[in-house]
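Remarks on the structure that follows.
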């Protein structure tokens, strides 16, 4: 589920060029859920957009301002409103006199296991982008690509000039995404993954993990992984006439995975079960117990 990372040698505070139009600035918020941290992106040459400005960390804000280097900022763009992605938007907007544009606001009481995944209640965009909407500057154009699943308001952004796609948390370069109900939806997630397979992006720039240079292979692998998890769940339910609990299934399904990630894994198992229930393949029979459909 996750690769190891070196907490002692993280290149935070630096604008690292990834392509002629893209530079990455890593926030200093590594964790078992964020890998090396949240990656913010500066897009453009003579004028720029800042994508996923990250948490409200003073050093990271200073690094983003330094990366802009006095250039006009056309927009501060957010993929979704988890607290490791969007809270810095308001502070940067005030400092750089730039609008906040992108995903819709969304605030829920999240009963998931990780503090960084709570929603940013202070997010107030100046404009919300619909699927297919464009935002442009001098020599660059980004297109909003609606990808609900990880969250209902999640957007990816396609950089047309480089056939790049900023994938936020929908597709990460180090792990599968958590799909945590009530807002996270496994059926939406799989439809969004299928949508990406229909596109012709050449490289993904995720919010966590390295750039992905064979994106279709990764997407197919992640979809296969979800189907494998679904099959595991159905087998577990089929082996117990009285049903199984998520708490019982997770340690068996995620053997070898850092136990700190088990609560998050349980959220994705719940998302699978809710999807299976909608499809008539499983039933919730009380408390944490689920049973295969007869």
Selection over region 255-292 where residues are over 19 Å from residue 32 (Cβ atoms) and surrounded by fewer than 13 Cβ atoms within 10 Å (Cβ to Cβ) yields a count of 6
Qualifying positions in region 41-67 - without any contact (Cβ under 8 Å) to a residue 40 or more places away in the chain and touching a strand residue (DSSP E or B) at 6+ places or on another chain (Cβ under 6 Å) | 42, 53, 54, 64
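Yes/no matrix, rows are residues, columns are (1) surrounded by fewer than 20 Cβ atoms within 10 Å (Cβ to Cβ); (2) touching a strand residue (DSSP E or B) at 6+ places or on another chain (Cβ under 8 Å):
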site: 76; (1), (2): no, yes
site: 100; (1), (2): no, yes
site: 146; (1), (2): yes, yes
site: 165; (1), (2): no, yes
site: 168; (1), (2): no, yes
site: 171; (1), (2): no, yes
site: 176; (1), (2): yes, no
site: 179; (1), (2): no, no
Note on residue 187: of the conditions (1) surrounded by fewer than 20 Cβ atoms within 10 Å (Cβ to Cβ); (2) more than 27 Å from residue 257 (Cα to Cα), unmet is (2)
Unmet criterion (only one of (1) at pLDDT 80 or above; (2) in contact with a helix residue (DSSP H, G or I) (Cβ under 7 Å, 6 or more places away or on another chain)) for residue 2 | (1)
Odd one out for residue 130, checked against (1) under 24 Å from residue 63 (Cα atoms); (2) assigned to a loop (DSSP other than H, G, I, E, B); (3) modelled with pLDDT of 95 or more = (1)
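The values are calculated or read from the model by the stated rules, or taken from the named source; none is laboratory data. No experiment lies behind these values; they were computed from the predicted model shown. Cβ atoms come from the backbone with ideal geometry, glycine included; neighbour counts cover every protein chain shown.
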